[in-house]
1. Give me a count of the residues in the range 142-162 that are more than 14 Å from the chain's Cα centre (by Cα), buried (at least 24 other Cβ atoms within 10 Å of the Cβ) and within 14 Å of the ligand (Cβ to nearest atom).
2. Any idea which residue in the range 234-266 is nearest to A214 (Cα to Cα), counting only those that are buried (at least 16 other Cβ atoms within 10 Å of the Cβ) and aliphatic (A, V, I, L, M)?
3. Looking at V161, is it in contact with a Leu (Cβ under 6 Å, 6 or more places away or on another chain), under 29 Å from G145 (Cα atoms) and aliphatic (A, V, I, L, M)?
4. From the residues in the range 204-230 that are assigned to a helix (DSSP H, G or I) and away from the ligand (no atom under 16 Å from the Cβ), which one is surrounded by the most Cβ atoms within 10 Å (Cβ to Cβ)?
5. Of M118, M125, which residue is part of a loop (DSSP other than H, G, I, E, B) and in contact (Cβ under 8 Å) with a residue 40 or more places away in the chain?
6. When the range 231-259 is examined, which residues are found to be within 24 Å of T122 (Cβ to Cβ), in a loop (DSSP other than H, G, I, E, B) and in contact with a Leu (Cβ under 8 Å, 6 or more places away or on another chain)?
7. Give me the residue from the range 96-115 that is surrounded by fewer than 19 Cβ atoms within 10 Å (Cβ to Cβ) and outside any helix (DSSP H, G or I) and, out of that set, modelled with the lowest pLDDT.
8. In the range 117-131, which residues are closer than 10 Å to L156 by Cα, of a type outside the set (A, V, I, L, M, F, W, C) and within 16 Å of the ligand (Cβ to nearest atom)?
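The values are calculated or read from the model by the stated rules, or taken from the named source; none is laboratory data. Please read all numbers here as calculations on a predicted model, not as lab measurements. Quick reminder, even Gly has a Cβ in these numbers, built from the backbone with ideal geometry, and neighbours come from all protein chains shown.
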Amino acid sequence: MPQSPEPQAAEPQAGAPGPSQAAAADRAAAHERAERMRPRALRMFPEGTGPSPDPAGSHFERRIRSFQPRRSRVTTGQGEALKKWWPTRGIDIDGQRVLDLDAMFGGLPVVLEIGFGMGEATAQMAADDPGTGILAVDVHTPGQGNLLGLAERNDLSNVRVANGDAIILLREMLAPDSLAGLRVYFPDPWPKARHHKRRLIQPEFLSLAATRLAPGAVLHCATDWEDYAEQMLEVLSAHPDFENTQADGGYTPRPGFRPLTRFEGQGLDKGHKVHDLMFRRVPHAS
Ligand SMILES: C[S@@+](CC[C@H](N)C(=O)[O-])C[C@H]1O[C@@H](n2cnc3c(N)ncnc32)[C@H](O)[C@@H]1O
């Protein structure tokens with residue numbers, strides 16, 4: 001069979017922007033669009049002093065996202081915490097650099113938590129386990145302020161708050177094998193069938209996450225949506241990079257170290273049953 005030729009990079013025409021100029025122009029355009037839709041909650045922070053709107057231009061990537069942009073009011077306390085702590089404890093997910101987790105957390109093993117919401121459970125876990133660094137990521141500005149405020153009031157030096165899309169954080173800003181664990185507690189359930197494609201826990205996400213988890217590191221998920229729990233169990237059990245920590249191949253009894261989260265409480269109030277799942281990153285194939 002004739003081989004199709006390798007696609008060639010187009011030669012820039014005279015006067016036309018080269019690839020790096022084009023990429024810079026794309027970034028500038030994405031930034032300008034993001035600035036136009038900059039939520040009121042973020043306008044209180046002059047450029048560079050607080051979380052940026054959509055720092056990596058994630059809204060403009062051709063990709064289905066697991067979150068929906070939300071209008072959200074930042075309280076005075078959350079705004080103060082963001083102003084005070086963002087410069088030293090906040091990280092914009094701009095996709096432009098690989099984070100030095102050792103420097104950031106003073107050599108502690110680091111667990112990534114995706115979707116911390118208002119951050120109460122995150123702060124509790126950080127207080128209970130000061131020997132572990134928590135890199136907590138969400139797109140929700142009031143939650144970022146809330147968690148920074150909790151970290152300040154409780155003297156938690158082992159928490160950093162990342163702003164933006166966790167997929168870009170994993171893909172562009174975390175080194176291979178750099179995570180000692182990954183927590184995904186009560187991810188958006190996207191209950192309508194036509195929205196299931198937005199659910200975070202899917203084979204593609206697991207393949208990406210596996211590359212960032214050190215061998216033996218545990219991915220811990222929890223959900224109060226029965227069909228999402230079944231989906232999680234199915235895709236995690238089928239994934240070659242993960243193995244169930246439960247010998248019977250089922251759900252994990254709720255571990256004592258996971259505090260009740262805000263969304264979990266709401267689910268329990270509705271009579272939902274909660275499932276935890278803990279899967280270990282298998283050793284690299286030699
Ligand atoms: C249903 S809430 C759960 C919050 C918290 N874990 C709890 O149990 O109360 C899910 C959170 O995940 C965040 N989220 C969803 N997809 C995300 C992504 N790709 N990157 C960062 N945050 C994300 C949403 O903004 C939301 O705050």
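1. Adding up the residues that qualify gives 3.
2. L236
3. When the stated conditions are applied, V161 passes them.
4. Among them, the one singled out is A210.
5. Going through M118, M125 in turn, just one is part of a loop (DSSP other than H, G, I, E, B) and in contact (Cβ under 8 Å) with a residue 40 or more places away in the chain: M118.
6. Within the range 231-259, just Y251 meets the criteria.
7. Q96
8. Q124 - this is the single residue of the range 117-131 that is closer than 10 Å to L156 by Cα, of a type outside the set (A, V, I, L, M, F, W, C) and within 16 Å of the ligand (Cβ to nearest atom).
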